[in-house]
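Read through the structure below, which is laid out as structure tokens, and then see the notes.
The values are calculated or read from the model by the stated rules, or taken from the named source; none is laboratory data. Computed from a prediction, not measured in an experiment: that's the story for all the values here. Methodologically, a virtual Cβ is constructed for each residue, glycine included, from the backbone with ideal geometry; neighbour enumeration extends over all protein chains shown. Side chains are part of the model used for accessible areas, which takes the heavy atoms of the whole protein and leaves out ligands, DNA and RNA. Shrake-Rupley method; radii C 1.70, N 1.55, O 1.52, S 1.80 Å.
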Amino acid sequence: MSDTIFALASARGRAGVAVIRVSGPAAAVAAETLAGSLPPPRHAVLRVLRGAGGDEIDRGLVLYFPKGASFTGEDVVELQVHGSPAVVTALSRELGAMPGLRMAEAGEFTRRAFENGRMDLAQVEGLADLIEAETERQRVQALRTLSGALGARAEEWRADLLRAAALLEATIDFADEEVPVDVSDEVRGLIDRCHASLRAEIDGARAAERVREGFEVAIVGPPNVGKSTLLNTLARREAALTSEIAGTTRDVIEVRMDLDGLPVTLVDTAGLRETEDHVERLGVERARARAADADLRVILTEPGEGPALAPEEADIVVSAKADLHGAGVSGLTGQGVDALVARIVERLEARVAPSPVATRERHRQAMQAAVAALDVARDGLAHGPERYDICAEDLRSAIRALESLTGRIDVENVLGEIFASFCIGK
């Protein structure tokens, strides 16, 4: 029998309400010990909560969710009490003193939900992303994963490949029949349909991962062109030191922002020029490296001059100091800033898949493994019935790769990392 775990499920510190969650076989007994009686399932009932000595600790709402119909799949009790650190400490002390109860580890409630079949692994990752979501686009994407969209898509792929493997294995079993059935066309169609769908999802997965982790936009240009001033205007605070002295910025300065629902890290870099100053030269080298790795570069130019960095097709090249010369953008006055932000969002939006369900590198690698196995299976199919047994095993390999997406198999090596990202009460 597993331990019964408990933890504060709401944020620490003073608040109007604090939620303490208890999950496991002794959850109901723990609630009865504190509250005197257990409320009906899914009914919030006001109770006086008392310690072992009978002293009143607080008055709060008690909710009971029976085994099989709760978040974790176990008996779960939630105590909604006044959000005082003293109240939370006193209740935690009482719970910890009860037989069979202990403080939960990070992500343990969600891990139990996964182990009890309440969530698949992709949904667990979606929940983690939803908790961490800072922008609207991240929220929508995480909610889609949490809803089970990736698991549903994986089940569709799996069903097609199981059908294809079954057709091949049936042909093998009846190879001695006088009238064997040619299943190659149907099998090839199933493989091709699954292959095309996987390829489309793989193409969108990297962009979806950028939405989850955030895009990086580097502001580059020569010294004293107004990069730091523009960064401060976009950030609406003095994030970077500005000066009329060229070469003031010598290190990379980052500002995390929400641009129309997209998570974006703006990067201010050292001015690009040849210099004898050793420290500034290091800053220029770092600026070039960071710009090369960025998802998008905003290249500021002096009016009438060319860019200090050879622009690529996706780059945005804009003239600086519009307050002095009339055209382009000015971080000092804000002229052209809204138009520049709109261009940045437009470029990044073009990279975002319309409805991705795969959002992590782990997902992409599993799908690529499935595609590789399907490529081998399709080649084997062309050699005729004598290769059907090998082809069927290749299909099984693709199925196993897809099953790792949702945690059916082969996920022990990633479980610890995933659940460690959760707070104690989740």
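Per residue, the accessible area of the stretch 71-155 comes to 41 Å² when a 1.4 Å probe rolls over the protein heavy atoms.
What a 1.4 Å probe finds exposed on the chain is 50% carbon and sulfur by accessible area, rounded to a whole percent. For the pair residue 188 and residue 103 in one chain, pulling the backbone fully straight at 0.36 nm per residue adds 25.3 nm over the alpha carbon distance. Using only side-chain charges placed at the Cβ, +1 for Lys and Arg and -1 for Asp and Glu, the dipole size of the chain relative to its Cα centre rounds to 1860 debye.
With the simple spin-label model, which puts each label point 7 Å out from Cα in the Cβ direction, the residue 116 to residue 349 separation comes to 4.3 nm.
Loop-located GluC sites (Glu not before Pro) in the stretch 55-114 (DSSP state not H, G, I, E or B) with no more than 14 neighbouring Cβ atoms inside 10 Å: 105.
Candidates 68, 51, 18 compared by Cα position along the dipole of the stretch 1-88: farthest toward the positive end lies 18, with charges placed on Cβ.
Remark on residue 215: its backbone amide H falls under 5 Å from those of 264, 265, a criterion applied only to residues 5 or more positions apart or on other chains, H modelled at 1.01 Å from N.
Measuring only protein heavy atoms, the 1.4 Å probe finds residue 374 accessible over about 0 Å². Per residue, the stretch 303-351 exposes 57 Å² of solvent-accessible protein surface, assessed with a 1.4 angstrom probe and all protein chains in place. Distance between Cα centroids, the stretch 97-160 to the stretch 374-404: provide it in whole Å. Between the Cα centres of the stretch 97-160 and the stretch 374-404 lies a distance of 31 Å.
Full extension of the segment from residue 285 to residue 12, taken as 0.36 nm per residue of separation minus the current Cα-Cα distance, would add 94.0 nm.
What percent do you get for the relative contact order of the chain when only Cα pairs under 8 Å and 6+ apart count? The normalised contact order for the chain reaches 17 percent. Per-residue ellipticity at 222 nm, computed for the chain from helices alone with -39500 (n - 2.57) per DSSP H run of at least four residues, works out to -15000 deg cm²/dmol. The length gained by stretching the chain between residue 159 and residue 33 to full extension, at 0.36 nm per residue less their Cα-Cα distance, is 40.5 nm. Can you compute the modelled spin-label distance between residue 136 and residue 45, with each label point 7 Å from Cα toward Cβ, in nm? Placing both labels 7 Å beyond Cα along the Cβ direction yields 4.3 nm.
Taking the square roots of five times each eigenvalue of the Cα gyration tensor of the chain, the equivalent ellipsoid has semi-axes of 47, 41, 16 Å, listed largest first.
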